[in-house]
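Accompanying notes for the structure given below.
The values are calculated or read from the model by the stated rules, or taken from the named source; none is laboratory data. Quick caveat, the model's predicted, so the values are computed rather than measured. Note that we place each Cβ from the backbone using ideal geometry, even for glycine, and neighbour counts take in every protein chain shown.
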Amino acid sequence: MLVDSSHQYPRHASRAVRDALADTPVVVIQGARQVGKSTLATMLARGAEDVISVTLDDPATLAIAEADPVFFVEQAGRGLLVIDEAQRAPGLILPLKATVDRDRRPGRFLLTGSADLLQVKGVGDSLAGRAETIELMTLSQGELARREVPEDFVTWVVGGVEGRRFDALDPHAVVAGGYPEAIQRSPARAARWFSSYVDRLADHDARELQSGGYADHMRTLLSLVAAGGQSELVKARLARGMGVSENSVDAYVRLASTMRLLSLIPSWGRSSRGRIARRPKVGLSDAGLGSHLAGFTSAKAQTLGGREYYGALVEQFCALELARQRTWSAESWELFHFRDHDGLEVEIVIELADGRLIAVEVKSAEGVTEKAWRQLERFRERFSDRVITGVVLHGGTQVAHLGGWLHVLPITSLWQA
């Protein structure tokens, strides 16, 4: 018999949620289906007094929320009301706003949603100034290793990289992903779980969120994105693969993003205008889901034919680990990529609040040569007015510190540092 193991893992986002509840009336835990939102909300609610927890997955509860939303949002009185899958009743948002405007006590509402609440049809207000959203992704490698202290790679690099040994990257960790339900299964059973997961997302959730034929192409869109690992969003390529017009691709991508199934990394530039104009990189929000849809296994990572895709998948894996850590990092930073028309490309660019940059190249191979950091050197020369730290992440155990600004580190340092 399978046991839900998600509660056995620490969730490092819990501190961010607790901090938000301490000074904000409405807190939203947002993430894809089955990443552990309900489990985290339940865990946090146990420590509070006068808690009422409801789920809108229950038809009777949903009916009450839709019939009398004012009563529904007031039912906890001066306690905490936890509403699971809040996107199912967008009509609650305006009454919720009204009651918060009358009583600004922090920690009044904890909502979870498997869709971006601001993008759900029928939501009448953004709750700006009244709500804080915490993004919950699938389990990080630190959480899977049951590290009680959250991994924080950016803070570690900024604070001065200390010399130590790290493990080599296990390809299985890349292709397994971090869905709590999938990782406790055998590879064959995990494949069945992923197939069922995608079917239900496309056949039910997508149709519920968006009327029209958008859901008909959801499987195809996710499979096409998975096939690229982490790559630039080329709408013409997606349109050809889906058999739709290029103008329609935006709507499909927007729906998948609303469902928290896609990870979009904008292009870095000196100005926000330049970032908007350039193509973002797109990948699925979990490397395990991407591996499944691409039909990729850890065994294929060792074959000559599988190495190229594995390289793109490892880049996605590293970007996702960093994206998870943004939720709890001690530093404030944003995640980008960079490419110009002269062939200069940096896979991951981390911009700190004070303008410092960490430029990261990812290599799936277990060893690297000088060629691995040539693009980082060019990037540093191009933007010589910025303080830039270079990092080469690779699949082996080699550690080197070069020139006072460049670090060669194992990929596992992302969570073992």
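All conditions but one from (1) of a type in the set (S, T, N, Q); (2) under 23 Å from the mean Cα position of the chain (by Cα); (3) surrounded by 17 or more Cβ atoms within 10 Å (Cβ to Cβ) apply to Thr61; the one that does not is (2).
Residue count for region 315-331, restricted to those that are over 27 Å from Ala365 (Cβ atoms) and small (Gly, Ala, Ser): 2.
This table checks each residue for (1) modelled with pLDDT under 95; (2) of a type in the set (D, E, K, R).
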site: Trp193; (1), (2): no, no
site: Ser196; (1), (2): no, no
site: Ala202; (1), (2): yes, no
site: Ala236; (1), (2): yes, no
site: Asp250; (1), (2): yes, yes
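Across region 182-192, the number of residues qualifying as surrounded by fewer than 18 Cβ atoms within 10 Å (Cβ to Cβ), touching a residue at least 12 places away in the same chain (Cβ under 8 Å) and assigned to a helix (DSSP H, G or I) comes to 2.
Report those helices (runs of 4 or more DSSP H) wholly inside region 215-333 carrying at least 3 residues which are in contact with a helix residue (DSSP H, G or I) (Cβ under 7 Å, 6 or more places away or on another chain).
Details: elements: 218-227, 235-242, 246-258, 272-277, 287-294, 307-325.
It comes to 218-227, 235-242, 246-258, 287-294, 307-325.
Looking at region 161-177, I want the residues that are over 19 Å from Ala191 (Cβ atoms) and have a partner that is buried (at least 22 other Cβ atoms within 10 Å of the Cβ) and of a type in the set (A, V, I, L, M, F, W, C) with Cβ atoms under 8 Å, at least 6 apart or on another chain. Which pairs are those? Going by the 8 Å Cβ cut-off, the qualifying pairs are Val161/Leu409; Phe166/Leu409; Leu169/Val314; Leu169/Ile411.
Taken over region 112-159, the residue count meeting the criterion of being assigned to a helix (DSSP H, G or I) and small (Gly, Ala, Ser) is 1.
Filtered by the rule that a residue be over 12 Å from Asp286 (Cβ atoms) and crowded, with 16+ Cβ neighbours inside 10 Å, region 194-203 gives Leu201, Ala202. When we screen Val73, Val54, Val35 for residues that are of a type in the set (Val, Ile, Thr), part of a loop (DSSP other than H, G, I, E, B) and under 24 Å from Glu208 (Cα atoms), the only hit is Val35.
A Cβ distance below 7 Å, combined with a sequence gap of six or more or placement on separate chains, defines the contacts here; from region 47-72, residues that are on the phi < 0 side of the Ramachandran plot reach residues that are assigned to a helix (DSSP H, G or I) and charged (D, E, K, R) in the pairs Leu56/Arg88; Leu62/Arg88.
Tell me, please, whether a residue that is of a type in the set (Val, Ile, Thr) and surrounded by fewer than 18 Cβ atoms within 10 Å (Cβ to Cβ) can be found in region 114-131.
Restricting attention to region 114-131, the residues satisfying the condition of being of a type in the set (Val, Ile, Thr) are 120, 123.
Restricting the remaining residues to those that are surrounded by fewer than 18 Cβ atoms within 10 Å (Cβ to Cβ) gives none.
No; the residues of region 114-131 include none that is of a type in the set (Val, Ile, Thr) and surrounded by fewer than 18 Cβ atoms within 10 Å (Cβ to Cβ).
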